[in-house]
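A quick write-up on the structure given underneath.
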Amino acid sequence: MKYVLLFPGQGSQAVGMLSAHADAEVAETFADASDILGWDLARLVKDGPAEELNQTEKTQPALLAAGIAMLRVWRKQGLPPPVAMAGHSLGEYTALVASGALAFPDALKLVELRGQLMQAAVPAGTGGMAAVIGLDDDKVEALCKANPTGTVLEPVNYNSPGQVVVAGASAALDWLTANGKAHGARMVMRLPVSVPSHCALMQGAAEKLAARLATVSFQTPRIPVLHNFDAALRADASGIRLALKEQLYKPVRWTQTIQNLQGQGVGLFV
C-alpha cells in the first residue's frame, strides 16, 4: 500500500509529549536539538511550563524535534519509504528535513528565527487563531468579511471540510468567538498559539525570513514534499525557499494537499 508521512504544526504541543516513548532515538534527538539551539529544549518539553512551551519561538523547535524523533523511531521498523511527505505549517520544515532537503541543525535555527519574527510582528496578546467548526469554506470566508471591528480576520488553515482555522487581531477573534454560532458555526475554539499565523499580519515577517532562507542550503528532496500554500511539489532550492516564505502569510491548503495525495493512489496516511 502506498503511504505518506504527515508532520504536525503548532497547537499539537504538550508538556510531556513523547514521554511514553523510551526509544533512544527520542532522547538523542532532543539532546542534539538542545545542543544546536544552545538552550535546554529537552527539559522544556519534559517539564514545561506550558506557558513557555506555547511561546511560538519555543513551540516551533520543540515540534520539529518531536517530528524528527518519531521519524527516527519509525525508520527502525524497516518499512519501505513513503511515496511522499507533507507537513502542516511548521510541519513543512519537518517534512523537508525528513526528505533530505534541509539539514536538521539548519531547520532548528530557521524555525526558532521564524517564531521570533512572527512574535515580533504581532505583540503578544494582540493576535491569535481560532478553529471554526461546522461551516463550509465559503461561509467561513464570508464570516471573516462580516467582521465589524476593522481589524484583520482571515481563513488561514483549510484543514478539512467543515474545519477551518482563522487568524487575526484579538478584537476580531473576540467578535468571532461571541458571534460564530449565531452565524451557523457549531463551535469556535481559540487555539493555544501566541501569534496569528498565515495571515496578512505576517507579511513583514515573511520578508525578513526570506533573507535568512537565502543563506541556507537546500537539496533536492529524496522523497517528494507537498507545500502548504499551493499543495504542489518542488525540487529546486529557489522554489522551496519561495514556498517557505509564502506559507508564512498565506493560507495552508491542507484539504487540497490530502486530496492531491489521494488522487495519486495513496491509501495510508501516517
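The values are calculated or read from the model by the stated rules, or taken from the named source; none is laboratory data. All figures in this text were calculated on a predicted structure; none of them were measured in a lab. Methodologically, a virtual Cβ is constructed for each residue, glycine included, from the backbone with ideal geometry; neighbour enumeration extends over all protein chains shown. Areas reflect the complete protein model, heavy atoms only, side chains present, ligands, DNA and RNA absent. Shrake-Rupley method; radii C 1.70, N 1.55, O 1.52, S 1.80 Å.
Counted over the chain, the DSSP beta bridges are approximately 65% antiparallel. Taking the charge dipole of the stretch 52-106 about its Cα centre, with +1 at Lys and Arg Cβ atoms and -1 at Asp and Glu Cβ atoms, the residue from Gln77, Pro105, Gly67 reaching farthest to the positive side is Gln77. Hey, what angle do you get for helix 237-246 against the long axis of the chain, alpha-carbon based, 0 to 90 degrees rounded to 10? With rounding to tens, the tilt is 30 degrees. Straight-line cross-link partners of Lys250 among the lysines, defined as a Cα under 29 Å from its Cα and at least 8 positions apart when in the same chain: Lys58, Lys109, Lys139, Lys145, Lys181, Lys208.
Note on Val270: accessible area is roughly 60 Å² with a 1.4 Å probe, heavy atoms of protein only.
What is the magnitude of the charge dipole of the chain about its Cα centre, with +1 placed on the Cβ of each Lys and Arg, -1 on the Cβ of each Asp and Glu, and no other charges, expressed in debye to the nearest 20?
380 debye
Taking the Cα centre of the stretch 146-255 as origin and assigning +1 to Lys and Arg Cβ atoms and -1 to Asp and Glu Cβ atoms, the resulting dipole is close to 220 debye.
Farthest towards the positive end of the charge dipole of the stretch 21-144, among the residues Val45, Ala24, Leu135, is the Cα of Ala24, using unit charges on the Cβ of Lys, Arg, Asp and Glu.
Each of Arg222 and Glu28 was given a label point 7 Å from its Cα along the Cα-to-Cβ line. The distance between the two points is 1.5 nm. For the stretch 1-106, applying the loop criterion from DSSP together with a ceiling of 14 other beta carbons within 10 Å to the trypsin sites (Lys or Arg not before Pro) yields Lys2, Lys76.
Rolling a 1.4 Å probe over the protein chains gives Ser170 an accessible area of about 20 Å².
Could you compute the FRET efficiency for Asn179 and Arg212, with r as their C-beta to C-beta distance and R0 at 51 Å, rounded to 0.05?
Details: r = 39 Å, r/R0 = 0.77.
Efficiency, rounded to the nearest 0.05: 0.85.
For the chain, the longest principal axis of the alpha carbon atoms and the long axis of helix 254-263 meet at an angle near 50°. Working note: Cα gyration tensor of the chain, eigenvalues times five, square-rooted, sorted largest first, giving semi-axes of 29, 22, 18 Å. Using the Karplus relation 6.51 cos²θ - 1.76 cosθ + 1.60 with θ = phi - 60°, the per-residue 3J(HN,Hα) values for the stretch 60-70 come to 5, x, 5, 6, 4, 5, 4, x, 5, 4, 5 Hz, with x marking Gly and Pro.
Taking only the Cα atoms of the stretch 166-216, how large is their convex hull per residue, in Å³?
Working: hull volume 4.9 nm³, N = 51.
Spread over its residues, the Cα hull of the stretch 166-216 gives 97 Å³ apiece.
Computed with a 1.4 Å probe over protein heavy atoms only, the accessible area of Lys109 comes to about 80 Å². Apply the a/c threshold of 1.5 to the C-alpha gyration tensor of the stretch 95-180 and tell me whether it is rounded, prolate or oblate. Oblate is the answer for the stretch 95-180, as a/c is 1.5 or above yet b/c matches or exceeds a/b. With protein chains left intact and a 1.4 Å probe, residues in the stretch 131-172 average 39 Å² of accessible area per residue.
Roughly how tilted is helix 170-179, in degrees to the nearest 10 and between 0 and 90, from the longest Cα axis of the chain? Relative to the chain, helix 170-179 is tipped by roughly 70 degrees. Charge dipole (Cα centre; +1 on Lys/Arg Cβ, -1 on Asp/Glu Cβ; no other charges) of the stretch 52-148 amounts to roughly 400 debye. Per the Debye formula on identical point scatterers at the alpha carbon atoms of the stretch 142-252, with no solvent, log10 I(q)/I(0) at q = 0.10, 0.15 Å⁻¹ is -0.37, -0.72. For the pair Ser160 and Ala146, label points projected 7 Å from Cα toward Cβ lie 2.5 nm apart.
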